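Here, each number is a calculation from the coordinates, and none is a lab measurement. Computed from a prediction, not measured in an experiment: that's the story for all the values here. As a convention, Cβ positions derive from the backbone with ideal geometry for all residues, glycine included, and neighbour counts pool all protein chains shown.
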There are 2 protein chains.
Amino acid sequence: MTKPCIICVAITGSVPRTADNPAVPVTIEQQIESTQAAHEAGAAICHAHVRDENETPTSDPDRFARLMEGLRRHCPDMIIQLSTGGRSGAGKERGGMLPLRPEMASLSVGSNNFPTRVYENPPDLVDWLAAEMRHHDVMPEIEAFDLSHIFKAAEMNGDGRIRGNAYVQFVMGVKNAMPADSRVFDIYVETMARLLPNSEWCAAGIGRHQLEVNEWSVSAGGHART
Amino acid sequence: MTKPCIICVAITGSVPRTADNPAVPVTIEQQIESTQAAHEAGAAICHAHVRDENETPTSDPDRFARLMEGLRRHCPDMIIQLSTGGRSGAGKERGGMLPLRPEMASLSVGSNNFPTRVYENPPDLVDWLAAEMRHHDVMPEIEAFDLSHIFKAAEMNGDGRIRGNAYVQFVMGVKNAMPADSRVFDIYVETMARLLPNSEWCAAGIGRHQLEVNEWSVSAGGHART
Ligand SMILES: [Zn+2]
Ligand SMILES: [Zn+2]
Ligand SMILES: [Zn+2]
Ligand SMILES: [Zn+2]
């Protein structure tokens, strides 16, 4: 495997608060600072969520705009990937930052359970988010929380709802969704090779699974998210 | 494969109406009649939904009770499996028929997309339905719409939320969920052998995929649903 490994840093995520972990950057300024440090350490992609003044995840386009501005200034060659995930808002709110034209945005293409609730991505919302991404030239990163999500990505790539080579991230270790299981990781890689042979993929292990999943990912030729 | 093949007949399902297919039995009397015919042809399990007077799927326990009464009379040795699926009601309504103590009931353990909406099975509802089934001695048939659902079934079997040997059905070919894919079918079988080695499984191909999936199922030693 001589393919260069793209490191993708998720600076904040949508779950932890400073009360849980004082090291988590939650203000825009803290996020920019820690992204710059990660960038200097080699991270090429910044996967970003934003928080409101109560540290609650939000889809607020103004906050995303401020974050992007700071990142453009401090890490001009970094690829910015904004989250359209469902922890930060409901329905079309989740895509309100897409007109900012980040290089990438996350796109969930199916629904699944999360620790205490359903992660809802109804088919019409998936199609609308994908259309907004095409319209604003944003490359989607497909969040695969389960095997069928890779099939859905391939279907949408095949009919043009996702343009170019779909980029897929395997998310493992979220309670009530897919666990961090090395055999499933291999199955994901095999399924990508079969259905989306020209696509890149990366893998994210949540919480205590992070290092383990990164190791599988790097040794199988994928990218890593930290 | 010398294991006897259990044939499971789904007499009505929750989607088609008589306007779509006049052969679909929707009244209780029609259902009993066509189940008896299937039973004489070899079906051992009857997977049942019920409809209201407008042919709309319902979880109404009274209708389920009338259906069970008729089946007990006409097919006394048949295993009755009632649906707790989400097309027929919302929340705990879906388990309102479990006190009738059918031999089996369907249990979805995760969420996924359906053709036009999210099939919502929030974790607390899954746990409540499983508890009701334990309480009333009903054997769950786990509906696996995606790979992680087999992991969830194994987790619930391991900690006693599902007692005995979990019985799992692979559901393939529902739009926006897992397609009818023979490689995935093999992966499902492999995953069952790894995580739930003492469990039985069966497979259902939806609509035009029915015969294909039954063939895979029978040749791999599983049961078939028609
Ligand atoms: Zn990534
Ligand atoms: Zn994220
Ligand atoms: Zn069955
Ligand atoms: Zn059913």
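A few comments on the model shown:
- Across peptide A:105-115, the average count of Cβ atoms from other chains found within 10 Å of a residue's Cβ is 4.
- Solvent-free Debye calculation, one equal scatterer per alpha-carbon of segment B:101-226: log10 I(q)/I(0) at 0.12 Å⁻¹ equals -0.41.
- Partner shielding of A:191-203 amounts to 1, given as the average count of beta-carbon atoms from other chains within 10 Å of each residue beta-carbon.
- The protein assembly as shown: equivalent-ellipsoid semi-axes (sqrt of 5 x gyration tensor eigenvalues, Cα, Å): 44, 22, 20
- Label spacing, shortest first and in nm, from B:D77 to its equivalents in the remaining copies (7 angstrom along Cα→Cβ): 7.7
- Sorted by Cβ density within 10 Å, fewest first, the residues B:F151, B:F145: B:F151, B:F145
- Straight-line cross-link partners of B:K175 among the aspartates and glutamates, defined as a Cα under 17 Å from its Cα and at least 8 positions apart when in the same chain: A:E120, A:D124, A:D127, A:D146, A:E155, A:D159, B:E120, B:E143, B:D146, B:E212.
- Between segment B:18-86 and segment B:188-215, the Cα center-to-center distance that results, in Å: 23
- Peptide B:177-187 - average C-beta neighbours from other chains (10 Å radius): 4
- Charge tally for B:V50 (other residues, Cβ to Cβ under 10 Å; Lys, Arg +1; Asp, Glu -1): 0.
- For B:A193, the label point sits 7 Å beyond Cα toward Cβ; its separations from the matching points on the remaining copies run 2.0 nm, from shortest to longest.
- Bridges between two residues of segment B:89-196, per DSSP, are antiparallel at a rate of about 20%.
- Distance between the modelled labels on A:D52 and A:A220, one decimal in nanometres: 3.8 nm (7 Å Cα→Cβ projection).
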